[in-house]
Amino acid sequence: MKRLLTLFVTVLLAGIACGQPSVRVAHGPYLQQVTEDGFTVVWTTTVDAAVWVEVAPDDGSHFYAAERPKYYDTYLGKRRTGQLHRVRVEGLQPGTTYRYRLMQQAVLCDEGNRRVILGEGYGSDLLKHKPYTATTLDPAKEKIECWVVNDIHGRDSLMGRLLAGAPEQRPDFVCFNGDMLTQIESPQQLFDGYLDTASRLLAGAGIPIFTTRGNHENRGSASQCFLDYFPTTSGEAYYAFRQGPVFFLMLDCGEDKPDSDIRYYGLAATDDYRRQEAEWLKRVVDSEAYRQAPLHVVLLHMVPGGAKSWYGEQELRRLLVPILNRADVDVMLCGHYHRYGWIDDSSRGTNFPILINSNNDRLVLKADAGGIDLDVFDAAGAHLHHHRLDARPSAASGSK
């Protein structure tokens, strides 16, 4: 009896001390790490919480028609608590749409190994709003479309205009190809600079985000937290995936100056990271999954070096381009220069073309077995540039 009374008082005091917290979503959700068999949901809450995601097939049934499986935010065999949440959903079928909802319980009292008390459950209100959706990747899909923006540098209103049509046009995914901020000084800066708007536009339409780091994402006090908010299948800032006929290589450019540059305060280790990336890239392009894909697209924020390029670009040319030149790459998509460019003269050492998207435009990639169409639009929707890349004869059969 005394123990029960003590527990009651503890819960009561916890409620008073915390003002009876009612946990709510603060930022997000948004979709990450979408694969053929799963996806990851990322969001933050207003207070520390323990969370989960409930998933249902997109079969026309009511979400409450059955008990839905729960997926928890776990690490090393334990549920995580905090305000940032990453829930991995796995065991799904390729090319299939699923519905999901967020659930969370506030942490009312955390006394470590002595006692943890969670509040009442709260989550997506399915009586007022439709559940979120996510669609797994599908290598058998015949046609795909993705959108690319880059070098936003925290201009949230511009990014909102560039992506405004996404909920209606429903691209397979959106790529953020680096320098979305000038530096990352805090997680809040991510949301204020572009991620709140991206979540609002994309999550409700079930459109996932794939990211690359630009050189500016290496900078700032919170830059080391990048993968906390943008987890990848490789656990690194470089990774790969296939959607439809296209195998995508999402590469990390590192910094643009030598590690010894005074602006990095002795903390940069980009050279070693690029060498590590090059070893990983060799393994990927030699894989059966890569060779079987009819088309290959590279996203890399910085452009491989030319005659007058800075150090970082020269290193990308030295380390990555020789590997890519033997990998039947169809096109590389870059940013960094804040202006449009099309390079197909081998001046950057590549045997494939490079499209450089400006800092004010949206690049749309559409692909099928016949090849790739690249179109560039400004924030008002005006069409600016078009490039057609026909698939090589061997690519249609996936025997490159």
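Let's see how each residue does on (1) open to solvent by less than 10 Å² (accessible area, probe 1.4 Å); (2) of a type in the set (Ser, Thr, Tyr):
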{"position": "Asn150", "(1), (2)": "yes, no"}
{"position": "Gln169", "(1), (2)": "no, no"}
{"position": "Asp172", "(1), (2)": "no, no"}
{"position": "Phe176", "(1), (2)": "yes, no"}
{"position": "Ile207", "(1), (2)": "yes, no"}
{"position": "Glu217", "(1), (2)": "yes, no"}
{"position": "Ser234", "(1), (2)": "no, yes"}
{"position": "Phe248", "(1), (2)": "yes, no"}
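Where the second residue is open to solvent by 50 Å² or more (accessible area, probe 1.4 Å) and not polar (S, T, N, Q) and the first is over 22 Å from Ile209 (Cβ atoms) and part of a loop (DSSP other than H, G, I, E, B) and lies in the stretch 40-69, which pairs have Cβ atoms under 9 Å and are six or more apart or on separate chains?
Filtered contacts from the stretch 40-69: Pro69/Gly91.
Go through the stretch 258-290 and give me each residue that's touching a helix residue (DSSP H, G or I) at 6+ places or on another chain (Cβ under 8 Å) and either buried (at least 16 other Cβ atoms within 10 Å of the Cβ) or touching a residue at least 60 places away in the same chain (Cβ under 8 Å) (or both).
From the stretch 258-290, those touching a helix residue (DSSP H, G or I) at 6+ places or on another chain (Cβ under 8 Å) are 258-259, 268, 270-271, 274-275, 277-278, 281-282, 284-285, 290; that's our starting set.
Within the stretch 258-290, Asp259, Ala268, Thr270, Asp271, Arg274, Glu277, Ala278, Leu281, Val284, Val285, Tyr290 qualify.
Please find, within the stretch 77-98, the residue that is surrounded by the most Cβ atoms within 10 Å (Cβ to Cβ) out of those that are aliphatic (A, V, I, L, M) and either assigned to a strand (DSSP E or B) or in contact with a His (Cβ under 7 Å, 6 or more places away or on another chain) (or both).
Out of the qualifying residues, it is Val87.
Any idea which residue in the stretch 323-349 is nearest to Leu158 (Cα to Cα), counting only those that are among the acidic types (Asp, Glu) and open to solvent by less than 70 Å² (accessible area, probe 1.4 Å)? Walk me through how you get there before you give the answer.
Step one: of the stretch 323-349, the residues among the acidic types (Asp, Glu) are 328, 330, 344-345.
Filter again for open to solvent by less than 70 Å² (accessible area, probe 1.4 Å), leaving 328, 330.
Numbers: Asp328: 35, Asp330: 29 Å.
Ranking the candidates gives Asp330 first.
Can you give me the number of residues within the stretch 133-147 that are small (Gly, Ala, Ser) and either buried (at least 18 other Cβ atoms within 10 Å of the Cβ) or in contact with a Leu (Cβ under 7 Å, 6 or more places away or on another chain) (or both)? Break it down into steps so the answer makes sense when it comes.
Here is the first cut: in the stretch 133-147, the residues small (Gly, Ala, Ser) are 134, 140.
Going one step further and asking which of them are either buried (at least 18 other Cβ atoms within 10 Å of the Cβ) or in contact with a Leu (Cβ under 7 Å, 6 or more places away or on another chain) (or both), we end up with 134.
Matching residues across the stretch 133-147 total 1.
So in the stretch 351-400, with the set limited to residues that are among the polar types (S, T, N, Q) and modelled with pLDDT of 95 or more, which one is surrounded by the fewest Cβ atoms within 10 Å (Cβ to Cβ)?
Just the residues of the stretch 351-400 that are among the polar types (S, T, N, Q), to begin with: 351, 357-360, 394, 397, 399.
Now restrict to residues that are modelled with pLDDT of 95 or more: 351, 357-360.
Working: Asn351: 12, Asn357: 25, Ser358: 20, Asn359: 18, Asn360: 18.
Among them, the one singled out is Asn351.
Within the stretch 99-126, work out how many residues are among the basic types (Lys, Arg) and assigned to a loop (DSSP other than H, G, I, E, B).
We begin by selecting, within the stretch 99-126, every residue among the basic types (Lys, Arg); these are 99, 101, 114-115.
From the residues that got through so far, the ones that are assigned to a loop (DSSP other than H, G, I, E, B) too are 114-115.
Qualifying residue count for the region: 2.
The values are calculated or read from the model by the stated rules, or taken from the named source; none is laboratory data. Just so you know, these numbers come straight off a predicted model, no measurement behind them. All Cβ positions, glycine included, derive from the backbone under ideal geometry; neighbour counts span all protein chains shown. Calculation scope for accessible area: heavy atoms of the full protein, side chains included, ligands and nucleic acids excluded. Shrake-Rupley method; radii C 1.70, N 1.55, O 1.52, S 1.80 Å.
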